[in-house]
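Comments concern the structure below.
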Amino acid sequence: MWKYNTIPVPDIENMPAGTYGFIYEVKHIPTGRKYIGKKVLYFERNKRLGIRELENLKAERKAAGIGGRTPAKKKVVTESDWKTYYGSQVEIKELVRKGKIEDFQRSILQYVPNKKQLTYFETKYLFIKGVLEDTNDYINDNILGKFYRKDFKND
């Protein structure tokens with residue numbers, strides 16, 4: 001289960017109102033290695049309308065006097081997989097696949113209200129913690145796809 005300041009966070013209702021996502025740290029207890037990332041709470045996708053739904057929408061638009069082409073898709077918002085999420089990096093996924101849930105400690109570092117700040121705060125934490133510099137403490141191997149661990153190796 002996710003924790004924020006040692007307090008369990010079982011549901012979105014346990015988060016501050018207006019939270020878009022959060023910055024997290026996952027620790028693999030047996031190795032002591034950590035991973036910092038960001039996670040959104042909701043997925044938004046376009047769903048194709050079915051035949052009946054499309055006909056109903058056309059009828060509603062006609063009755064309301066709305067002309068033009070009827071959209072064939074609608075936006076659908078669903079809760080993300082945040083409850084079962086550990087990270088997107090290949091090594092962390094492999095550790096999760098091979099290990100046990102008890103081998104991991106998942107901590108929310110900060111709640112974030114929007115998409116732009118989510119990227120900002122993730123990047124801020126990655127730089128502050130020095131995840132790419134001469135350390136084996138972190139699994140992260142790049143920041144924003146621009147800065148890589150290999151750039152910090154002294155060959």
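Regarding V131, is this residue within 18 Å of the chain's Cα centre (by Cα) and either β-branched (V, I, T) or not assigned by TED's automatic domain parsing to the domain that holds N14 (or both)?
Values: within 18 Å of the chain's Cα centre (by Cα): no; either β-branched (V, I, T) or not assigned by TED's automatic domain parsing to the domain that holds N14 (or both): yes.
Taking the combined requirement at face value, the residue does not satisfy it.
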Could you list all residues from region 97-126 that are touching a strand residue (DSSP E or B) at 6+ places or on another chain (Cβ under 7 Å) and either part of a strand (DSSP E or B) or without any contact (Cβ under 8 Å) to a residue 24 or more places away in the chain (or both)?
-> F104, Q105, R106, S107, I108, L109, Q110, Y111, V112, T123
Residue by residue through region 93-116, note down the ones that are at pLDDT 90 or above, over 19 Å from the mean Cα position of the chain (by Cα) and of a type in the set (G, A, S).
-> none
Strands (runs of 3 or more DSSP E) contained entirely in region 1-82, each with at least 3 residues that are under 30 Å from E133 (Cβ atoms) | 2-4, 21-28, 33-40
Within the group G130, G145, which residue is under 26 Å from T19 (Cα atoms) and surrounded by fewer than 15 Cβ atoms within 10 Å (Cβ to Cβ)?
-> G145
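From the list S80, S88, which residue is of a type outside the set (A, V, I, L, M, F, W, C), surrounded by 10 or more Cβ atoms within 10 Å (Cβ to Cβ) and at pLDDT below 90?
Step by step, each of S80, S88 is checked, and only S88 is of a type outside the set (A, V, I, L, M, F, W, C), surrounded by 10 or more Cβ atoms within 10 Å (Cβ to Cβ) and at pLDDT below 90.
The values are calculated or read from the model by the stated rules, or taken from the named source; none is laboratory data. Note that the structure is a prediction, hence the values are computed from the model and not measured. Note that each Cβ is placed from the backbone with ideal geometry, even for glycine, and that neighbours are counted across all protein chains shown.
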